[in-house]
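S.K.: Please find one structure pasted underneath; my questions will follow.
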Amino acid sequence: MNQSKPPMNNLKVRQAIAYGLDRASVVKAFYAGRGVGREGVPSRGPLGYPNTVKQYSYNPAKSKALLKAAG
């Protein structure tokens, strides 16, 4: 995502995408359940992973509300 160009320069839009992504369904549909959903970039595990990265749960209602607030 290029955060310097609209609409991705709006934090609420980026958060709406994060809340609107059902990672478990993506893993199930595209990887036949043989994987683990990533929380973001970078993923957990590699040396230097920051523990302060916010985790977004699947919440379509919150996603829609954020998009509405973003205009």
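The values are calculated or read from the model by the stated rules, or taken from the named source; none is laboratory data. Values in this document were obtained by computation on a predicted structure and should not be read as measured data. As a convention, Cβ positions derive from the backbone with ideal geometry for all residues, glycine included, and neighbour counts pool all protein chains shown. Please note that ligands, DNA and RNA were not included when accessible areas were found on the heavy atoms of the full protein model with its side chains. Shrake-Rupley method; radii C 1.70, N 1.55, O 1.52, S 1.80 Å.
S.K.: Applying the selection to the range 1-34, what residues are free of Cβ contacts under 8 Å to residues at least 12 places away in the same chain, open to solvent by less than 70 Å² (accessible area, probe 1.4 Å), of a type outside the set (Val, Ile, Thr) and touching a Lys or Arg at 6+ places or on another chain (Cβ under 9 Å)?
M.R.: Met8
S.K.: Which one of the conditions (1) at pLDDT below 80; (2) open to solvent by 60 Å² or more (accessible area, probe 1.4 Å) does Gly40 fail to meet, given that it meets all the rest?
M.R.: (2)
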